[in-house]
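Readers should treat all values here as calculations from the given coordinates under stated rules, not as data from a laboratory. It should be emphasised that the depicted structure is a prediction, and the values quoted were computed from it without experimental measurement. Quick reminder, even Gly has a Cβ in these numbers, built from the backbone with ideal geometry, and neighbours come from all protein chains shown.
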């Protein structure tokens, strides 16, 4: 136990945790949106994120991005990366819905069948990017698919620099960008769900699908919309991940997805603001825990948090329900 | 295309049911002869040398694995499938962390049976025992089963009250926790270094072992298949007992079962404990045959593979899940070209089976009826999501 280390650098660990949790929170939104409307755990959402990171990687490689480009170019690369990742991830999420979930919904399949399908899909995507695409595209895109299941590095778009220090807490530019970008994306989504016509449709279907249908809300369209929205958020997370960690692999989705799901449950699944809170909270708990014990126990901490939350407060910190997020 | 698959599938199921009905219509003595013949084939399999059938052997291709070794893996996977079938097929609880129990079984025999394990070394020191002392194999078997049952109850006690899909995710976390503990708790498990010299029925592996050696896998296969047959018999008895009926009732409608005086939590916990014990037994055999284990042998993908065996084969039907296990273990070994793509194929198989035939290749008749009922309900209430 390293209490002194934790207390001595409490501020630093909190900032590290927040910037880590921001990425969890963005991915958690995908779980929460789908769960809020369909009451279904989209287990394959972690792969939606993974596809996004590969999209960013391929884009930057094709553009020939070098390490530490000038600031104007860096912003351009980031914006383009966001667009491409959002399209790739949103498209993947939509494809999952159309190909796999819709036929099951027609048959009123039990929830476990959805979950097993989602697990199968997740496996298919992991293998597609780890085994099939390297065989097919290894020659064309050697940087992304040179060897099966490889870890691929990405160019550094923004060099990590300490912006300012408060006490002994150093805040880097990347941490700040990740945090601000994630909160901005979430604010945008929150506004979309709570203030727009389409958002009202989503809330209506989440509250009561039959009544919403009677009131003229096109349910299938709402379902497609939430998958795309979740995908876009995962795409944003993928861009931030690529900028901050600078690598990807076909299997990064698994653990990250589980943590994002934990974040969603922690905040109250189906609750958008809950996902933000849960993500940030989980990020902090994880960094504190890793400091207290040792960093190789980090993954255990997330799972223990999940089990404890489900045991004692299965509705999460802010409570479930997308429909009642804001009247 | 999809319609073609559907109608071919319907013909196949028709044939299966016809075969099943004819089997049940046979007189008792003919069934007996059939069973004996089947058992004889099972025990003869590792020697397989009938001309025209030798292509089945995995060592008939270049670089193929030892045939009896592959059969042994098939047998312990069948054991896993039977255990997981109790949890998933009979009680209707999706367990995505089954590898955790498998690992606990394997680590039980390693930690208590091997002279290289920190646990045995500690006992030797505390009780002034000679450095060659270790717990005998048969007692390790007992320890493995007790430990896995206890861990099944410990996992189930807090989590079985959760809704089904939450339970699945929590068990997935459990499987990962076990693997990470095995990797990080070096004082207990030797961590990533692993544990060697795990004993077999004749004691620690050495050149003097006459039957259960490291090279010849045939005796190991015969041992495993014997365990499989005993467990098939026991689980069958259980399935048709009061407990088995309670499981079905809880799976089909938990509230109705509770009203009828079946306490769902108790029976779910039993299913968990029994399933865990079977997984532990399988892991025990795996560790014992391998003589060496380390944490990388127990990763989460295997949990998914186990679930795939059950749902592709036909959850709830013991023949179905056994077939699923054999197919998923055998095919990548025999058809090496596709071995690289096996996980892709397993994933696709899961998705296709769930969309086209959620009751699995060889369905349990009751399970098929349940799903049909739900589909009919869906047509009555089209507005429902």
Query raised in the report: Under a point spin-label approximation (7 Å from Cα along Cα-to-Cβ), what is the residue B:53-residue B:335 distance to one decimal in nm?
Result: 2.1
Report summary line: The rounded separation in angstrom of the Cα centers of segment B:169-244 and segment A:126-147 is 36
Query - Gyration tensor (alpha-carbon) shape descriptor, chain A, a/c threshold 1.5 - result: oblate
Requested in this report: Springs between alpha-carbon atoms under 10 Å, Gaussian network over chain A: tell me which of A:173, A:296, A:67 tops the mean-square fluctuations.
Outcome: A:296
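Calculate the FRET efficiency for residue A:87 and residue B:9 from the Cβ-Cβ distance with a Förster distance of 30 Å, rounded to the nearest 0.05.
Details: r = 37 Å, r/R0 = 1.22.
Calculated transfer efficiency: 0.25.
Cα gyration tensor of segment A:219-327, axes a ≥ b ≥ c as square roots of the eigenvalues: rounded (a/c below 1.5), prolate (a/b > b/c) or oblate? Walk me through the numbers before you get to the answer.
On the way: a/c = 2.28, a/b = 1.21, b/c = 1.88.
Oblate, since a/c reaches 1.5 and b/c is not below a/b.
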Query raised in the report: So, in nm, how far is label residue A:200 from label residue B:132 when the simple model puts each one 7 Å beyond its Cα toward the Cβ?
Result: 8.5
Report task. Treat the count of other C-beta atoms within 10 Å as a stand-in for reagent exposure and order B:59, B:165 from fewest to most. Result -> B:59, B:165
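Write down, largest first, the equivalent ellipsoid semi-axes of segment A:1-120 in whole Å, where each equals the square root of 5 times an eigenvalue of the alpha-carbon gyration tensor. Intermediate results must be reported in sequence, preceding the final value.
On the way: eigenvalues 219, 129, 22 Å².
Semi-axis lengths for segment A:1-120 are 33, 25, 10 Å.
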Query - Averaged over B:336-346, number of beta-carbon atoms from partner chains that fall within 10 Å - result: 3
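Give me the inter-chain shielding for B:171-179: mean count of other chain Cβ atoms within 10 Å, whole number please.
Working: counts 0, 7, 12, 2, 1, 7, 6, 0, 2.
Shielding by partners across B:171-179 averages 4.
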Query raised in the report: Say a paramagnetic label sat at a point 7 Å from the Cα of residue B:65, along Cα to Cβ; which residues of segment B:173-214 have their backbone N under 17 Å from it?
Result: B:214
Requested in this report: Set the Förster radius R0 to 30 Å, insert the Cβ-Cβ distance between residue B:260 and residue B:233 as r into 1/(1 + (r/R0)^6), and round the FRET efficiency to 0.05.
Outcome: 0.55
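Output the peptides A:284-293, A:24-33 sorted from most to least packed, where packing is the average of other Cβ atoms within 10 Å over each peptide's residues.
Numbers: A:284-293: 19.6, A:24-33: 31.2.
The most tightly packed comes first, giving A:24-33, A:284-293.
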Report summary line: Here, residue B:26 and residue A:188, labelled 7 Å along Cα→Cβ, have an inter-label distance in nm of 6.7
Query raised in the report: Picking from B:25, B:277, B:308, which is most flexible by a Gaussian network model of chain B using Cα springs under 10 Å?
Result: B:25
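Enter the mean number of other protein chain beta carbons within 10 Å of the beta carbon of each residue in A:298-308, as an integer. Spell out each step's value before the answer.
On the way: counts 1, 6, 7, 0, 2, 10, 2, 1, 5, 9, 1.
Mean shielding count: 4.
Assuming R0 = 35 Å, can you tell me the calculated FRET efficiency for the pair residue B:214 and residue A:132, based on Cβ-Cβ distance, to the nearest 0.05?
On the way: r = 36 Å, r/R0 = 1.04.
Taking R0 as 35 Å, the efficiency between residue B:214 and residue A:132 is 0.45.
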**Report entry** Global form of segment B:218-327, assessed from the alpha-carbon gyration tensor, a/c cut-off 1.5
**Finding:** prolate
Query raised in the report: Could you state the per residue volume, in Å³, of the convex hull enclosing the Cα atoms of the protein assembly as shown?
Result: 192
